Amino acid sequence: MNTSRRIFTFLLRLLALAATLVATIVMVTSHDSTNVLNLTFKAKFSNSPAFKYFVVVEAIACAYNLVIMFLASKGSLWRLVIILDVVVAVLLASSVSSALAIAYVGKKGNTHAGWLPICGQVPKFCKHVTAALVAGFIAAILYFLLVIYTLYTVLHPLFVVSKF
Amino acid sequence: MALENGEKPGSSFVAVRKPNDCTILLLRLVAFLATLAATLVMALNKETKTLVVATIGTTPIKATLTAKFQHTPANVFFVVANAMASLHNLLMIIVQLCGGKFKDKGLRLVMMAILDMMTVALLSSGDGAATFMAHLAKKGNSHARWNKICDKFDKFCDHGGGALIASYIGLLLLVVITVLSIIKLLKAK
């Protein structure tokens with residue numbers, strides 16, 4: 001019973017590690033440039049602070065996951081790991097949401113503020129950012145599954161005991 | 001577990017007392033008020049201004065522009081997330097005050113911890129989206145040719161900033177409450 005739980009947790013962490021790594025790399029390598037009326041229009045992820053925040057948070061989550069996967073079996077720190085997992089999951093949710101808000105303005109524009117959409121001019125950049133956001137979203141969902149599963153497995157004895 | 005004099009606690013890495021029910025209730029009350037304030041301030045955020053848009057000859061052409069919070073989907077999400085967080089806080093306060101009759105204490109603690117965690121995630125994502133939208137409105141983005149709008153609608157921006165601060169206070173308190181709930185769960189084992 002214990003081994004299967006550990007294997008499942010390890011698998012979830014591995015998938016989350018892969019998702020955060022993919023999100024970071026795809027966002028960092030997103031850039032495109034176009035020529036409009038003799039003006040060169042360059043689009044990079046560092047033009048927007050929301051995308052920079054996204055990259056930083058995904059990188060932190062990736063590094064944290066890597067460290068924790070190799071310290072997993074040490075018994076005395078598992079409570080700290082649970083609480084840190086919650087904090088990292090919340091940070092991931094926040095980063096995906098922020099990047100999504102700015103990407104939405106980039107794709108649809110905002111007529112009330114006079115902001116034109118830029119996806120028509122730099123389509124490759126837009127596709128990269130979309131892919132990075134999808135990977136980030138998957139990473140956030142996996143992290144929440146991990147925290148809920150950890151809380152459930154830690155407390156299963158608590159459920160059983162309280163029925164008697 | 002009872003500790004003798006000078007004996008280190010064996011199975012816990014840090015010696016914390018079990019969180020008091022009163023502490024958590026007080027924190028929840030303040031968090032409820034903070035998120036409620038954020039919801040109301042952002043939902044009633046509206047500013048109308050008459051601006052000169054062009055000049056033909058010597059007559060300036062004026063247009064009346066309105067800035068409302070629902071023009072930006074991120075602000076709408078912010079209002080919804082804060083409303084749900086204050087509802088959650090209210091429900092938890094009521095459950096803690098009047099729920100002493102329920103027998104299954106273990107299930108209640110787990111549901112409270114999991115729901116707390118979900119609310120923190122929702123609230124933090126709402127805050128993040130609204131913060132970056134506000135930053136965009138205040139500083140603009142020269143690379144994408146998006147102009148700032150806070151120099152014309154300064155009251156709108158001020159109110160939005162106030163709502164954001166209240167929401168961040170609520171978020172911080174809710175994170176503390178979540179950690180305390182999880183500690184309570186782990187100690188009840």
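The values are calculated or read from the model by the stated rules, or taken from the named source; none is laboratory data. No experiment lies behind these values; they were computed from the predicted model shown. For neighbour counting, all protein chains shown are included, and Cβ atoms are generated from backbone atoms with ideal geometry for every residue, glycine included. Protein only, heavy atoms only, side chains kept; ligands, DNA and RNA dropped before computing areas. Shrake-Rupley method; radii C 1.70, N 1.55, O 1.52, S 1.80 Å.
Quick notes on this structure:
- Complete set of residues in the stretch A:59-78 that are small (G, A, S) and more than 7 Å from chain B (Cβ to nearest Cβ): A:A59, A:A61, A:A63, A:A72, A:S73, A:G75
- Residues of the stretch B:149-189 satisfying the condition of being open to solvent by 90 Å² or more (accessible area, probe 1.4 Å), of a type outside the set (A, V, I, L, M, F, W, C) and within 23 Å of the chain's Cα centre (by Cα): B:K155, B:D158, B:Y168
- Any hit, the stretch B:141-150, residues being within 21 Å of B:N82 (Cβ to Cβ) and either in contact (Cβ under 8 Å) with a residue 12 or more places away in the chain or away from chain A (no Cβ under 12 Å) (or both): no
- Test: B:V52 is closer than 24 Å to A:V105 by Cα and of a type in the set (A, V, I, L, M): no
Residues are listed down the side, and each one gets a yes or a no for (1) facing chain B (nearest Cβ under 8 Å); (2) open to solvent by less than 60 Å² (accessible area, probe 1.4 Å):
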position	(1), (2)
A:L80	yes, no
A:I83	yes, yes
A:V90	yes, yes
A:S98	yes, yes
A:V105	yes, yes
A:N110	yes, yes
A:L116	yes, no
A:V122	no, yes
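- When A:V22, A:V56, A:V28 are screened for being at pLDDT 90 or above and either within 14 Å of another protein chain (Cβ to nearest Cβ) or open to solvent by 80 Å² or more (accessible area, probe 1.4 Å) (or both), only A:V56 passes.
- Within the stretch B:94-148, considering residues that are touching a Gly at 6+ places or on another chain (Cβ under 8 Å) and more than 23 Å from A:G120 (Cα to Cα), the one surrounded by the fewest Cβ atoms within 10 Å (Cβ to Cβ): B:R108
- First in the stretch A:109-127 and closer than 16 Å to B:A134 by Cα, second anywhere and in a loop (DSSP other than H, G, I, E, B), Cβ under 7 Å, 6 or more apart: A:G109/A:L116; A:G109/A:P117; A:N110/B:T72; A:A113/B:I149; A:G114/B:N147; A:W115/A:G109
- Sole exception among (1) open to solvent by 90 Å² or more (accessible area, probe 1.4 Å); (2) under 29 Å from B:K138 (Cβ atoms); (3) modelled with pLDDT under 80 for A:N2, by number: (2)
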